[in-house]
Number of protein chains: 2
Amino acid sequence: MHTSAIKPAITARSASKQARRNQLIKATLHCIARKGLSSTTMADITQQAGLSLGIVNLHFVSKERLLIETLQYVADEYQQGLETIYSDQTLNVSAKIRAQANYDFSKKIINRDKLAVWFAFWGEAKARPTYSAICAEYDDLVARNLTALFDNLKRAGDYDNINPARAARAYTALTDGLWLDLLISPRKLSVTKAREVVNDFLFSQFPQHFKLPTTI
Amino acid sequence: MHTSAIKPAITARSASKQARRNQLIKATLHCIARKGLSSTTMADITQQAGLSLGIVNLHFVSKERLLIETLQYVADEYQQGLETIYSDQTLNVSAKIRAQANYDFSKKIINRDKLAVWFAFWGEAKARPTYSAICAEYDDLVARNLTALFDNLKRAGDYDNINPARAARAYTALTDGLWLDLLISPRKLSVTKAREVVNDFLFSQFPQHFKLPTTI
DNA sequence: GTCCATAATGAATGGTTATTCATTTTCTTG
DNA sequence: CAAGAAAATGAATAACCATTCATTATGGAC
């Protein structure tokens, strides 16, 4: 009763706090996707969450902090998915690359709402160092791991002309650019087509390890 | 005296009006790059231009209109440069592609201020159809022309595996992504490196028409 | 030089929005 | 159940900002 009573109380309390924070972050995501970063207000967010106006300041101190934690949330989610792939011992090198390509264009990562949030923050990044710091961090993870994977493939095949670091740069730039296209002109570019573009790229760099997409 | 006096007066007047508009657009560009789209105010813009507070409403009716015309200005500038290349009769197909690649990473196009402006608007694009319409328009121009150029190369060489439309998509996505990288982490990616990535890509797609970059 | 049309100014206005905090509600503990 | 702490509320506040418009400056025509 004595000692055991303390811990549940603390956990229950902090758990509920974390739940509220997540609830507000989710609401923020939704609002940014619908209205854009610049015209999302505290009233929008709290209404979307079904809570009262003062709640954000109670849990996040300020709007700016909430926005930062929202970006961090999306970045963390993406990063975790990738780390699961990178650390999966059952996958060989090319399977890992394929897994990342699938992941990068999976429903979890690229619904238009999440894309809108990414680009909303990227748009403000130059003016706000905190935003670019968060973005740069995940960029680094991808660059390091992909370079290592490509380097492995290079040793495994006949790929004298390949520069692994540059190929990794190209891959991330390619996916970022395709995401942008999916956001801006979804009528012109479908997810299926975007996948084909990535597959083309991988095949052109490592023809011994990736298949040529079915339709030319 | 009679008839000749009318014309100069009109031109002088309208020229001065256009000059004021351009002055304000330039100031807007500068402010967005420094402070971000969301925290650029009318006071910022007019101060930057060295003019009075009411001037924007006089020349552009509203802030929103000024922003739209600012985006249009940057988009037009980019588009004009490209059209000059596409219509240059002295260049053959691969020279045109090389010219575009040079142009896309020239000082005129990618100073960080202009990149910041592009991405600021892209960030708001989902929530504001007017923005995405302007962006989509230039996207289309590039897609059509590059596809045609790649198609030409395909006929000229031994490129059975190439899908010209997809290669064009890949090129634009690649450059968009590299621009983003240059904006977010300029410490990690230099313009020189970005150019190498693009050259690698062109070589990998059309090895008979582009040179392998010097350093692997 | 005078007049007048046009351009520019910036103080005042009104609408919007983040933040605060006194009050109320909810939940835990004994 | 009582009491008290923690969480939540939302009306009030204060800051900010786009827009307006009465007033002033400018420059060309005669």
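A few remarks follow.
- The residue in chain A that lies nearest, by its beta carbon, to the axis linking chain A with chain B is given here with the distance in whole angstrom as A:Gly123, 1.
- Electrostatic tally near A:Lys126: other residues with Cβ closer than 14 Å to its Cβ, Lys and Arg +1, Asp and Glu -1, net +3.
- In the stretch A:134-177, the C-alpha radius of gyration followed by the widest Cα-Cα span (Dmax) gives 11.1, 37 angstrom.
- Zone of A:Arg34's modelled label, taken as backbone nitrogen in the stretch A:108-137 under 17 Å from a point 7 Å along Cα→Cβ: A:112-117
- Each copy carries a label point for A:Glu64 at 7 Å from Cα along the beta-carbon vector; from one copy to the others these points are 2.8 nm apart, nearest first.
- When you restrict to C-alpha pairs under 8 Å that are six or more residues apart and normalise by the size of the stretch B:100-216, the relative contact order lands at 26 percent.
- Most fluctuating residue given options B:Ser190, B:Ser132, B:Ser38, as computed from a GNM of chain B linking Cα atoms under 10 Å: B:Ser38
- The phi torsions of the stretch A:24-32, fed into the Karplus equation with coefficients 6.51, -1.76 and 1.60 and a -60° offset, translate into couplings of 6, 5, 4, 4, 5, 3, 4, 5, 4 Hz, rounded to whole numbers, with Gly and Pro shown as x.
- Relative contact order computed over chain A (Cα-Cα under 8 Å; 6+ residues apart), in percent: 18
- In this structure, A:Thr41 and B:Asp113 have a Cβ-Cβ separation that, at R0 = 30 Å, corresponds to a calculated FRET efficiency of about 0.55.
- Global form of the stretch B:92-157, assessed from the alpha-carbon gyration tensor, a/c cut-off 1.5: oblate
- Label 7 Å beyond Cα on the Cβ vector: B:Asp88 copy-to-copy distances, nm: 4.7
- Shielding by partners for peptide B:29-42, expressed as the average number of C-beta atoms from other protein chains within 10 Å of each residue's C-beta, is 3.
- Average projection area in nm² (convex hull over Cα atoms of the stretch B:19-167, one quarter of hull surface): 10.4
- Here A:Thr28, B:Thr130 are placed in order of increasing Cβ neighbour count within 10 Å, fewest first, which gives B:Thr130, A:Thr28.
- Contact order for the stretch A:43-146, expressed relative to its length and based on alpha carbon pairs under 8 Å spaced 6+ residues apart, stands at 26 percent.
- Computed on the stretch B:133-216, the Cα convex hull volume stands at 95 Å³ per residue.
- Shape call, the protein assembly as shown: gyration tensor on alpha carbons, a/c limit 1.5: oblate
- Estimated FRET transfer efficiency when R0 is 56 angstrom, pair A:Lys193-B:Ser52 (beta carbons, to 0.05): 0.65
- FRET efficiency, A:Asn92 to B:Gln89 (Cβ-Cβ, R0 45 Å, nearest 0.05): 0.30
- Using a 7 Å projection from Cα along Cα-to-Cβ, the label point at A:Asn22 is separated from the same position in the remaining copies by 5.6 nm, smallest value first.
FYI, it's all coordinate maths here, none of it is from the lab. What you see is a predicted model; the values in this text were computed from it and never measured. With ideal geometry, Cβ positions are generated from the backbone for all residues, glycine too; neighbour counts draw on all protein chains shown.
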